[in-house]
1. Tally Lys/Arg at +1 and Asp/Glu at -1 over every other residue whose Cβ is under 14 Å from the Cβ of residue 176; what's the total?
2. Could you please report the charge total around residue 141, scoring K, R as +1 and D, E as -1 over all other residues with beta-carbon less than 15 angstrom from its beta-carbon?
3. State which entries of 106/147; 147/195; 129/195; 147/203 exceed 19 angstrom in Cα-Cα distance in the structure shown.
4. Say R0 is 22 Å: what FRET efficiency, to the nearest 0.05, do residue 195 and residue 136 get from their beta-carbon distance?
5. So if each residue of separation counts as 0.36 nm, and I subtract the Cα-Cα distance between residue 61 and residue 73, what length gain in nm does that give?
6. Can you order the peptides 99-109, 191-201, 65-75, 175-185 by their average number of other Cβ atoms within 10 Å per residue, highest first?
7. Please turn the phi angles of the stretch 177-194 into ³J(HN,Hα) values with the Karplus equation 6.51 cos²θ - 1.76 cosθ + 1.60 (θ = phi - 60°), one per residue in order, whole Hz, x for glycine and proline.
8. Assuming R0 = 30 Å, can you tell me the calculated FRET efficiency for the pair residue 175 and residue 85, based on Cβ-Cβ distance, to the nearest 0.05?
Amino acid sequence: MKNSYLSFLAIILSTASIVLYFFEFSPIQIDPIGYFGLIAASIAVSVTLLIGYQIYRAFEIKKDIEFLRNKVNEINTIKGKLEEQGDRISAHLLYLAGTIATSSGKILHGISYFLGSLLRTLNVGEDSKWIQNTTIVMSMVGYSISKVTTSMLQADQKLSKPFNSAFVIIDETNLKIRAHKNYPAIQVKYEALMKAYFDLVEKSNQGSSK
């Protein structure tokens, strides 16, 4: 809006200069040299005002950009905290589901829930509480695996559809855990636990093929 006012002012001054040049009003006498000086001064003032305004607007835009950048950073921080809290809640719920499933004899489903809990615990980050939680979850994974039998695996593979089989869920979650950025922190213990499970899977597959 200010830019429009300044442009309008420049047009008025230029128009006035042209009128004074072509029309002479007595007793006013215009010196041609002075007239051209007036035109030059008018244009110079207009251009200076316009440039000054553009510089002012550039600083204002820079402030606006910085303000928006800070707001985006704040939103990203809040989003990260909400996602972390969501992972914590999901980890606890899946751990509870795994405990219930295991105590009810649904061992394979219990393992799938515990692995889901472990995956979400990995999302939270590394600190003393995180290490404690991963240790607890993996101890339950190990306990559940110790209860697995080849007959359980064979029954799950026969009775369940591929997309909802506990065996399939365990396999998919296992791959996600191994691909996680925090996986190296639990790699040694985790691989020892899952080796026992996959040895049972291999034994089960050999038994079914006979």
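1. 0
2. For residues surrounding residue 141, the net value is +4.
3. Violating the 19 Å Cα-Cα cut-off are 129/195.
4. Working: r = 20 Å, r/R0 = 0.92.
Here the calculated transfer efficiency is 0.60.
5. 2.5 nm
6. Per-residue mean Cβ counts within 10 Å order the peptides as 99-109, 191-201, 175-185, 65-75.
7. Taking θ as phi minus 60°, the curve returns 5, 5, 8, 6, 5, 8, 4, x, 5, 10, 4, 4, 5, 5, 5, 5, 5, 6 Hz for the stretch 177-194.
8. 0.70
Read-outs: derived from the displayed coordinates by stated rules, not from any lab. What you see is a predicted model; the values in this text were computed from it and never measured. All Cβ positions, even for glycine, are placed from backbone atoms using ideal geometry, and neighbour counts span all protein chains on display.
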